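See below for the structure under consideration.
The values are calculated or read from the model by the stated rules, or taken from the named source; none is laboratory data. A quick note: this is a predicted structure, and the numbers were derived from the prediction, not measured. Cβ coordinates were reconstructed from backbone atoms using ideal geometry, including for glycine residues, and neighbour counts include every protein chain displayed. These accessible areas exclude ligands, DNA and RNA; they are computed on the full protein's heavy atoms, side chains included. Shrake-Rupley method; radii C 1.70, N 1.55, O 1.52, S 1.80 Å.
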Amino acid sequence: VSEPFSEAPVSVVVNGDPWQGEVPVHELLVDFLRDRLGLTGTKRSCEVQVCGACTVLVDGRPTSACSRLAYDVDGRTVTTVEGLELEDGPTPLQRAFVDEVAAQCGYCTSGQLMAATALLERHDGRPAYEEIAEWMSGNLCRCGCYPAIARAVQKAAVETVNEQPARDVDGY
Ligand code: FES
Ligand code: FES
């Protein structure tokens with residue numbers, strides 16, 4: 001009787017750094033990142049792909065790390081919040097989050113940043129508030145920072161594409 005298949009090889013690039021090894025087949029991506037690589041910026045909360053706190057980018061696509069197995073990212077690239085910073089400091093989006101005070105407790109913030117990063121990478125202009133709300137509907141904020149988060153995303157988009165200032169989104 002053969003042994004059950006318990007470990008799987010993984011070759012992945014995380015925040016630009018290659019990693020190769022074997023992981024238990026049941027290991028979740030969130031645990032791989034937090035416990036194996038020490039990248040604790042990725043948070044776990046609901047664990048059932050509802051809250052978005054664990055959002056990372058896999059090949060540029062927002063992914064719930066709580067609901068994906070680590071071995072399933074074999075051959076892919078993963079970006080966590082630790083990988084966002086540019087050589088000369090925070091990204092325009094990170095600076096906009098600070099400027100707009102788009103966080104209170106901050107627990108959801110890394111997931112919000114990852115989802116918003118993916119949105120800005122896909123958008124060639126300044127996303128409307130409704131587009132931001134729809135795109136980021138999978139990222140919950142128990143502190144209710146949604147208007148400030150949207151302002152931050154629009155501000156970062158303006159900075160990125162050098163467009164006109166974003167319209168006021170208060171009152172959403
Ligand atoms: S912890 Fe992954 S979606 Fe909530
Ligand atoms: S800032 Fe507290 S959950 Fe979003």
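Points to keep in mind about this one:
- Of every Cα-Cα pair in segment 60-127, the percent that sits beyond 16 Å: 54 percent
- Karplus-derived 3J(HN,Hα), 6.51/-1.76/1.60, for each residue of segment 116-130, Hz, glycine and proline x: 5, 4, 5, 4, 5, 5, 8, 9, 9, x, 9, x, 5, 4, 5
- Net charge dipole, the chain: roughly 420 debye, given to the nearest 20, about the Cα centre with Cβ charges of +1 for Lys and Arg and -1 for Asp and Glu.
- Using the 1.4 Å probe convention, the accessible area of segment 4-132 works out to 50 Å² per residue with neighbouring protein chains retained.
- Computed over Cα pairs, the Kirkwood radius of the chain leads via Stokes-Einstein (0.692 mPa s, 37 °C) to a diffusion coefficient of 196 µm² per second.
- DSSP beta bridges fully contained in the chain are about 90 percent antiparallel.
- Rounded to 10°, Cα long-axis angle of helix 146-161 versus longest principal axis of the chain: 90 degrees
- Sites matching chymotrypsin sites (Phe, Trp or Tyr not before Pro) across segment 1-54 that sit in DSSP coil, with at most 11 neighbouring C-beta atoms within 10 Å: Phe5
- Per-residue ellipticity at 222 nm, computed for the chain from helices alone with -39500 (n - 2.57) per DSSP H run of at least four residues, works out to -8000 deg cm²/dmol.
- For Gly52, neighbours were defined as the other residues whose beta-carbon sits under 15 Å from its Cβ, and their charges (Lys and Arg +1, Asp and Glu -1) total +3.
- Among Asp72, Asp31, Asp17, residue whose mean-square fluctuation peaks in a GNM of the chain (springs only between Cα atoms under 10 Å): Asp17
- GNM result for the chain, Cα springs below 10 Å: residue of Arg76, Arg126, Arg151 fluctuating most strongly: Arg76
- A simple count of charges around Ala118, restricted to other residues whose Cβ falls under 15 Å of its Cβ and scoring Lys, Arg +1 and Asp, Glu -1, yields -2.
- Loop-located GluC sites (Glu not before Pro) in segment 15-75 (DSSP state other than H, G, I, E, B) with a sparse environment of at most 16 neighbouring Cβ atoms within 10 Å: Glu47.
- Protein accessible area in the chain, 1.4 Å probe - carbon and sulfur %: 48 percent
- The amide H of Glu7, built 1.01 Å from its N in the peptide plane, has Val25 as neighbours under 5 Å, considering only residues 5 or more places off or on other chains.
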